[in-house]
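Asker: First the structure, then my questions, so here it is.
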Amino acid sequence: MKALVKTFAAAALIAVSTFAMAAEGPGAKARKTNINLSTADFALEHYVAVTTEGESVGVEQLFAADFNQKIQAKNAQSHSREAVIKSLKKQKGEKLNCTVSTDILEESADFKVAKITLNFEKFTKTDLVTLVREGNDWKVSNSINSYK
């Protein structure tokens, strides 16, 4: 039930973002769209939409300035904020063929750690995400990925 509610909330967030962009029209002046990241749940839902649904609105706003991503594999990799944002923008509109589940592992007033599991047909990706409060917004500050 919890996953269903989060799925609907993510879909609503995507729809609102899409309608906001469409309302401007093709001749509108290009400008950054602000995404509501006032709660950790909104930030987490937007992160899932960005990483699994190809959402590209508000990508820069989502990640903390010191964000880094680590991929645990035979050859461990580390990616900077800029590299991750560039990669996610290239995936604009691409939806992953997987089921998503999210579990909150730890939370306080200023941080939240979530485990996002992406179940694909032949493998599973686990993403441990740390969110932190920066002023009035929540940002993704760290991501550690592993594959099985």
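The values are calculated or read from the model by the stated rules, or taken from the named source; none is laboratory data. Quick caveat, the model's predicted, so the values are computed rather than measured. Because the Cβ atoms are built from the backbone with ideal geometry, glycine has one as well, and the counts that use them run over all protein chains shown.
Asker: Ala65 - would you say it is assigned to a strand (DSSP E or B) and either surrounded by fewer than 17 Cβ atoms within 10 Å (Cβ to Cβ) or modelled with pLDDT under 90 (or both)?
Answerer: In short, yes.
Asker: Take segment 89-110 and flag every residue that is in a strand (DSSP E or B) and free of Cβ contacts under 8 Å to residues at least 40 places away in the same chain.
Answerer: Passing the criteria: Thr99, Asp103, Ile104, Leu105, Glu106.
Asker: Could you check how many residues of segment 68-88 are surrounded by fewer than 14 Cβ atoms within 10 Å (Cβ to Cβ) and either part of a strand (DSSP E or B) or among the acidic types (Asp, Glu) (or both)?
Answerer: 5
Asker: Kindly indicate whether any position in segment 95-103 is buried (at least 18 other Cβ atoms within 10 Å of the Cβ) and either within 24 Å of Lys148 (Cα to Cα) or among the hydroxyl-bearing types (Ser, Thr, Tyr) (or both).
Answerer: Yes - at least one qualifying residue is present in segment 95-103.
Asker: To continue, here is another question. For segment 104-148, which residues satisfy the criterion of being surrounded by fewer than 12 Cβ atoms within 10 Å (Cβ to Cβ), closer than 26 Å to Asn36 by Cβ and not hydrophobic (A, V, I, L, M, F, W, C)?
Answerer: Glu106, Ser108, Asp110, Gly135, Asn136
Asker: Within segment 112-148, restricting attention to residues that are over 17 Å from Ala49 (Cβ atoms) and acidic (Asp, Glu), which residue is farthest from the chain's Cα centre (by Cα)?
Answerer: Here the answer is Glu121.
Asker: Show the residue pairs meeting these rules: Cβ distance below 9 Å; 6+ apart or different chains; first residue within segment 113-141 and under 17 Å from Ala73 (Cα atoms) and in contact (Cβ under 8 Å) with a residue 60 or more places away in the chain; second residue assigned to a strand (DSSP E or B) and among the acidic types (Asp, Glu).
Answerer: The qualifying pairs are Leu118/Asp127.
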